[in-house]
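Take a look at the structure below.
The values are calculated or read from the model by the stated rules, or taken from the named source; none is laboratory data. Keep in mind it's a predicted model, so treat the numbers as computed, not measured. Neighbour counts run over all protein chains shown; Cβ positions are idealised from the backbone, glycine included.
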Amino acid sequence: MPSIRSLRLITGAVAIGAALLAGPVVAQTTLENASAKYRQDLAEGNPADLWVARGQEMWTQPRGPKKVSFESCDLGQGPGVVKGAYATLPRYFPDAGRVMDLETRLVWCMVNQQGYTHAEATKLTFGNGSRHRSDLEALTAYVAKESDGVKMNVSLADPHVKEMYDIGKKAFFYHAGTHDFACATCHASDDLRIRLQYLPNLTKPAGAQKAYTTWPAYRVAQGETRSFQWRLHDCFRQQRFPDLIYGSDLSIALTTYLAASANGAVYVGPGIKL
Amino acid sequence: MTTRSPVTTLVRGAVAGLAIAAALYGCASAPTAQDDAALTARTIAMMKASFRPKGQAGMDRLDQDETQRLCSQYAEGKLPESVVKKIEQENLAAVKYPADGTLVGDWKAGEKVAELGRGMQFSDDPKKPNGANCYACHQLSPKQEAYGTIGPSLYQFGKKRGYTDQTRTYAWAKVYDAEAFSACTNMPRFGQHHILTEQQIRDVVALLVDPASPVNQ
């Protein structure tokens, strides 16, 4: 199974790589054709499925010093329930006294139920090649997949969640750093491009929905399935801000703002992106 | 069932009406300036606790100067005319021109600066020169088709504006501090924030205003 997929993957990547390398003389249409062919090639097999499968396996295994599986981890739908959970996150967890996104909640379960230290649980948040795959990215991909086809429904009824939404929105428009950038610099207008990459307008429901419902995503250029925490971390890097701490309140606030802005749209991830 | 006097009912009704009006007002109108300032303060406090310094990107990257503060404050609404004036005047006053008066360098070197995306990210080596990545946002030379659309096309910038002192001075000042001419623009302030060196700005200006530059063909 993986071999057929990787073969398809390579074919697609080569086509696109060639289009990109050809550089200036390549018309936009060629690039679009290449991407279209690529998407078609991958229609029956997103490599993210490999992460999903690994995450699923991990879910039921006894883990950590306490030998406890994720089946006792409550993502808001009851212990171990994953179906539809991702589409309702972030939410407020009274046992933790915090609003949490999926990734922060997974770390919480690893620390509070499985007995890992926080440092152990967050040792490899983002994978780095086939020898250094991230468990968290696999678990995230698995749980997200269990919301495939489910409508996004992040409730702002809880005041803690509403506060995170408000702060996330404020932060989205916060200009600072050497380049004066805010998220809004790149993501608050329609039909903008940075080089040849289209930039979604995340301040409008349509843009937020299309973006949020396709993360986590397999990144072709990186050969990794990336989580939403990774997406935020990397955009802050491009924004010339310092290093966003994994699971920090700001990361959850921005996730709350964008996830709630996607409410009503059907979740269709994990996605696949160049 | 107790009977209520019409007056009590009326008073209760009015109170309820006021409560509803207050709730509606709270939802429909923009938050008050105090609410907004308090939310901003909580946002900044959360930000400071959510990052750590890495590479060349220290925590001071989160601190705002007056321009950044105002542009964030008014980001979701309309920028008042008085704020536009204040930002543009302050930034225009901050533009530094080269001591030797030479504004125009080598367009070939400028083309490299305009192409290069590296610079100022925590993952970038601070010992290597920064790029400006003008192409990320602008069309310049027609040969480069991988350009972004955040800013306007600068194709034939010099040719259209005329090869005059005025054009050269404007190009220098615009690249040095874009906020001097267009408050809360999305264009970085390359000189003001020491992203580019004086010589790099000269070279980029040449790319814009040199009649031999591919931009002006």
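Residues satisfying the criterion are absent from the stretch A:116-139 (criterion: within 14 Å of chain B (Cβ to nearest Cβ), touching an Asp or Glu at 6+ places or on another chain (Cβ under 8 Å) and not in a loop (DSSP other than H, G, I, E, B)).
Pairs meeting the criteria (first residue in the stretch B:40-53 and facing chain A (nearest Cβ under 7 Å), second residue among the β-branched types (Val, Ile, Thr) and part of a helix (DSSP H, G or I), beta carbons under 8 Å, at least 6 apart or on different chains) are B:Arg42/A:Ile167; B:Thr43/A:Ile167; B:Met46/A:Ile167. Among residues of the stretch A:204-223 being within 21 Å of B:Asn186 (Cβ to Cβ) and surrounded by 20 or more Cβ atoms within 10 Å (Cβ to Cβ), the one that is farthest from the other protein chains (Cβ to nearest Cβ) is A:Ala211.
Only a single item in (1) surrounded by fewer than 17 Cβ atoms within 10 Å (Cβ to Cβ); (2) in contact with a Lys or Arg (Cβ under 8 Å, 6 or more places away or on another chain) is not met by B:Ala146, and it is number (1).
A quick yes/no check of all residues on (1) closer than 26 Å to B:Ile44 by Cα; (2) touching a His at 6+ places or on another chain (Cβ under 6 Å):
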site: A:Val111; (1), (2): no, yes
site: A:Leu124; (1), (2): no, no
site: A:Gly129; (1), (2): no, no
site: A:Asn153; (1), (2): no, no
site: A:Ile167; (1), (2): yes, no
site: A:Lys170; (1), (2): yes, no
site: A:Tyr174; (1), (2): yes, no
site: A:Gly177; (1), (2): yes, no
site: A:Ala188; (1), (2): yes, no
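Residues that are within 16 Å of B:Ser213 (Cα to Cα) and in a loop (DSSP other than H, G, I, E, B) were ranked within the stretch B:115-151; the one that is farthest from the chain's Cα centre (by Cα) is B:Lys143. Under the condition of being facing chain B (nearest Cβ under 7 Å) and polar (S, T, N, Q), the residues counted in the stretch A:175-191 number 2. Checking each residue in the stretch A:155-186 for being farther than 30 Å from B:Gly117 by Cα, more than 19 Å from the chain's Cα centre (by Cα) and surrounded by 23 or more Cβ atoms within 10 Å (Cβ to Cβ) picks out only A:Ile167. On inspection, B:Lys112 passes the criterion of being surrounded by fewer than 18 Cβ atoms within 10 Å (Cβ to Cβ), assigned by TED's automatic domain parsing to the domain that holds B:Thr164 and basic (Lys, Arg). Looking at A:Lys66, A:Lys123, A:Lys83, A:Lys37, just one residue is modelled with pLDDT under 95, basic (Lys, Arg) and either outside the structural domain of A:Ser147 (by TED's automatic domain parsing) or surrounded by fewer than 19 Cβ atoms within 10 Å (Cβ to Cβ) (or both), and that residue is A:Lys37. On inspection, B:Val104 does not qualify as under 15 Å from B:His194 (Cβ atoms), buried (at least 16 other Cβ atoms within 10 Å of the Cβ) and touching a residue at least 12 places away in the same chain (Cβ under 8 Å). Screening the candidates A:Ser251, A:Ser227 for the property of being buried (at least 24 other Cβ atoms within 10 Å of the Cβ), more than 11 Å from every other protein chain (Cβ to nearest Cβ), on the phi < 0 side of the Ramachandran plot and small (Gly, Ala, Ser) yields one hit, A:Ser227.
Helices (runs of 4 or more DSSP H) fully within the stretch B:30-101 that include at least 2 residues being under 18 Å from the mean Cα position of the chain (by Cα): B:66-73, B:81-94.
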